[in-house]
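Step one of this worksheet: look at the structure below.
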């Protein structure tokens, strides 16, 4: 996994901004954090550049995060680090430093890992005076508190801390490193000391990316897991246990495959025939005797067949002209593990570009993914648990917001309107 952290110096021209973005994208990052991008006009310029490069950017001003578009965004938010604070005259920035919020995203990569990425821009020059030092320490403590909370709520998430942390003194970052976040080797930027950091649960290497118009060098980190993706706690849903879904008998694996298709399509499926139906519909010729086979209503059939094939189903649109049956969609889960012999033969035909019928004719639907995917039941269970955690987190957030609103309503002296 490649991460980049950069400070783009808010007052750069649009041309210099685009040039710096192209330099960063040339490193082919998976995730990028930016600081000091200025206002919305510059944010939109950057977002267009990321989109052209196949990345999605959350335009959280002034500290956006961008990630590869094939990664799924599970959740996003901002964590409050500090209120506006008077840090006295002198030093970088104004006398009153604005409030600080650290944007974060929860991402699911194609390999199955979940990543929590937070982008922090901390108070500058904390060693200049006591007020600055106290503010910086407060922000680091708040950052550490968020990391600890994520660990408790989502122990499978890999945590990455990026941004302009504005201190070369790593002792100031101890609340974060004490939680196991590794900032890697020191990377002294154009100022001669380290200000920009990439920290991660994963080990890896860091290097500077120079040749930029900004007054900082960027930091590039290549990090990776030392062990395989952790196996989740065994789920109490064995794949071939029988269940009823949408009123039809099937097994858990088949049900999760149908639910995955429903999420992609955005609507529930009407199932006209399920699984484990020996001696049932005569025209099915035994394909429904085992698991992993469903018949669906034909509405929107082209979209349904395409989505099903992408998820690991051998799916065909059946018409009355092809046999003694009404119009429907016939779907067989590829290599499901409990297929009847005739259903397994249909999968062979599907791989060979045939129609799955007794005449072994050509497949009339032109789209077939290559290679043919196989539905990953364990990944589907893991995704289900992640969604449940997100729902729980959203409920807790709503509860906290309700409590905040209730407490605000209790405030007596709310100020006098002029």
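Observations, loosely collected:
- Some residue of the range 139-156 being at pLDDT below 95, out of contact with any helix residue (DSSP H, G or I) (no Cβ under 7 Å at 6 or more places or on another chain) and not in a helix (DSSP H, G or I): yes
- Matching residues in the range 123-140 - criterion: being in contact (Cβ under 8 Å) with a residue 12 or more places away in the chain and more than 28 Å from residue 390 (Cα to Cα): 123, 124, 125, 126, 127, 128, 129, 131, 132, 135, 136, 137
- Boolean, residue 121 is under 29 Å from residue 150 (Cα atoms) and at pLDDT 95 or above: yes
- Listed by first and then second residue, the pairs linking a residue in the range 79-96 that is on the phi > 0 side of the Ramachandran plot and outside the structural domain of residue 130 (by TED's automatic domain parsing) to a residue that is part of a loop (DSSP other than H, G, I, E, B) and surrounded by 11 or more Cβ atoms within 10 Å (Cβ to Cβ), with Cβ atoms under 6 Å apart and 6 or more places separating them unless they lie on different chains, form an empty list.
- Matching entry among 63, 70 (being in a loop (DSSP other than H, G, I, E, B) and in contact with a strand residue (DSSP E or B) (Cβ under 6 Å, 6 or more places away or on another chain)): 63
- Complete set of residues in the range 4-17 that are surrounded by fewer than 20 Cβ atoms within 10 Å (Cβ to Cβ) and either outside the structural domain of residue 59 (by TED's automatic domain parsing) or over 15 Å from residue 215 (Cα atoms) (or both): 14, 15
- Candidates are the residues of the range 221-256 that are surrounded by fewer than 21 Cβ atoms within 10 Å (Cβ to Cβ), under 25 Å from the mean Cα position of the chain (by Cα) and part of a strand (DSSP E or B); the one that is modelled with the highest pLDDT is 222.
- Meets criteria (surrounded by fewer than 19 Cβ atoms within 10 Å (Cβ to Cβ) and either in contact with a strand residue (DSSP E or B) (Cβ under 6 Å, 6 or more places away or on another chain) or more than 12 Å from residue 17 (Cβ to Cβ) (or both)) for residue 52: yes
- Hits in the range 1-46 - residues which are in a loop (DSSP other than H, G, I, E, B) and closer than 20 Å to residue 222 by Cβ: 1, 26, 27, 28, 29, 30
- Any hit, the range 295-304, residues being in contact with a strand residue (DSSP E or B) (Cβ under 8 Å, 6 or more places away or on another chain), buried (at least 17 other Cβ atoms within 10 Å of the Cβ) and modelled with pLDDT under 90: no
- Residues that are modelled with pLDDT under 90 and touching a strand residue (DSSP E or B) at 6+ places or on another chain (Cβ under 7 Å) occur at least once in the range 366-388.
The values are calculated or read from the model by the stated rules, or taken from the named source; none is laboratory data. Note that the coordinates shown come from a computational prediction; the quantities given were computed from them, not determined experimentally. Here Cβ is always computed from backbone atoms with ideal geometry, including for glycine, and neighbour counts include all displayed protein chains.
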